[in-house]
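Read the figures in this text as sums done on the coordinates, not as results from a lab. Since the model is a prediction, treat every value here as computed from it, not as a measurement. For neighbour counting, all protein chains shown are included, and Cβ atoms are generated from backbone atoms with ideal geometry for every residue, glycine included.
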Ligand SMILES: Cc1cc2nc3c(=O)[nH]c(=O)nc-3n(C[C@H](O)[C@H](O)[C@H](O)COP(=O)(O)O)c2cc1C
């Protein structure tokens, strides 16, 4: 089947778009408002977009509290979501008033960044400390502003829980990430395997 996205006439119970662009990693975005309030929310429009320097992005569908905070302070963190923290991650996505601290709501420790004044999940297997480089409101193909706001951040510090380091690597299988699919679906990772590039020796 084929459908154009203007009519969006896919004929299915739900739009498959996000199930097709999947799995997506979840950035658990920690931020702090100018008033000192702490915020934690999951974003699956999240990814690494560069490594020299290290850059990540997340996209806010509408103007949400995390976006407000990063615009106010210019910093944020992105914590790693392990399966063991699934319920806490979900709890932190609740639509609560701006002042309400989702770390407390989800029973998580808000650890403060070493290089940025933003909180990250103390229980997380890993976390990135980021400085905002750009906030971009996406335009559609006619050049009209949409309500999707992409925050780009340069990663200035990285926390890795000592227990997650095996043989000199971040042991992703042990860290057990959960990823966002379409609909209300999630998945973990399957067996990790190695594939060398053409011509690559080691
Ligand atoms: C797994 C997961 C992924 C999500 N990804 C996004 C996303 O990429 N963009 C977005 O705007 N909202 C996303 N949400 C919804 C936000 O987490 C939710 O609206 C939250 O209340 C926003 O919090 P804030 O206003 O404190 O930033 C996601 C929710 C879940 C559970």
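The number of residues in region 87-99 being in contact (Cβ under 8 Å) with a residue 12 or more places away in the chain and either surrounded by 15 or more Cβ atoms within 10 Å (Cβ to Cβ) or in contact with a helix residue (DSSP H, G or I) (Cβ under 7 Å, 6 or more places away or on another chain) (or both) comes to 6.
Restricting attention to region 47-65, the residues being surrounded by fewer than 21 Cβ atoms within 10 Å (Cβ to Cβ), within 10 Å of the ligand (Cβ to nearest atom) and touching a residue at least 40 places away in the same chain (Cβ under 8 Å) number 4. All conditions but one from (1) within 10 Å of the ligand (Cβ to nearest atom); (2) over 24 Å from residue 179 (Cβ atoms) apply to residue 29; the one that does not is (2). Scanning region 32-45 for residues that are within 15 Å of residue 116 (Cβ to Cβ) and near the ligand (Cβ under 8 Å from one of its atoms) turns up 39, 40.
Among the residues of region 167-187, those that are surrounded by fewer than 12 Cβ atoms within 10 Å (Cβ to Cβ) and over 22 Å from residue 19 (Cα atoms) comprise 167, 168, 169. Among the residues of region 143-164, some residue qualifies, meaning at least one is touching a strand residue (DSSP E or B) at 6+ places or on another chain (Cβ under 7 Å) and free of Cβ contacts under 8 Å to residues at least 24 places away in the same chain.
Just give me the residues in region 116-136 being free of Cβ contacts under 8 Å to residues at least 60 places away in the same chain and exposed (fewer than 14 other Cβ atoms within 10 Å of the Cβ), in sequence order. 134, 136 - these are the residues of region 116-136 that are free of Cβ contacts under 8 Å to residues at least 60 places away in the same chain and exposed (fewer than 14 other Cβ atoms within 10 Å of the Cβ).
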